Amino acid sequence: MKRDQKRVGLVRRSVALPSRLVAEVVTSAPAELKTNFNRLVVVALEEFVARRRLQAFAESMAEMAADPAIRQQSELISKEFQVAEGDGLMSKKPVK
């Protein structure tokens with residue numbers, strides 16, 4: 001059995017959870033997860049990690065947006081490419 005767990009990449013942990021929290025989680029869980037507590041915990045942890053990654057990305061973007069050097073470089077790049085902004089777009093008037 002342990003060999004199968006290692007092959008699949010499973011980690012077994014024992015945790016103590018407040019019964020109030022477990023009841024609330026099971027109550028608010030989607031129907032397909034209400035009867036499979038292990039799967040419910042896996043999904044909750046995956047969602048937690050996804051939220052944390054998004055939060056870290058948003059924080060990094062905010063830091064970059066506040067950095068004067070990055071803002072200056074971004075403005076320079078924008079000015080350089082401003083000439084090509086309309087490239088490939090069809091105008092409403094036919095070109096003669």
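Computed quantities for the displayed model
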{"item": "Gaussian network model of the chain, Cα within-10 Å springs - most flexible of Arg13, Arg39, Arg71", "result": "Arg13"}
{"item": "Distance (nanometres) between label positions extended 7 Å along Cα→Cβ at Arg13 and Ala50", "result": "2.0"}
{"item": "Stokes-Einstein D in µm²/s, Kirkwood radius over Cα pairs - the range 16-77 at 10 °C with 1.306 mPa s viscosity", "result": "108"}
{"item": "Karplus-derived HN-Hα couplings along the range 34-50 (A = 6.51, B = -1.76, C = 1.60, θ = phi - 60°), whole Hz, x at Gly and Pro", "result": "4, 9, 10, 4, 4, 5, 4, 5, 4, 4, 4, 5, 5, 5, 4, 5, 4"}
{"item": "Net dipole in debye of the range 16-77 [+1 Lys, Arg Cβ; -1 Asp, Glu Cβ; about Cα centre; nearest 20]", "result": "300"}
{"item": "Difference of contour (0.36 nm per residue) and Cα-Cα distance, Ala65 to Phe37", "result": "5.9 nm"}
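Values in this text are rule-based calculations from the coordinates and carry no lab data. Note that the structure is predicted; figures quoted are calculated from it, not measured. Heads up, the Cβs are rebuilt from the backbone with ideal geometry, glycines too, and the neighbour counts pull from every protein chain shown.
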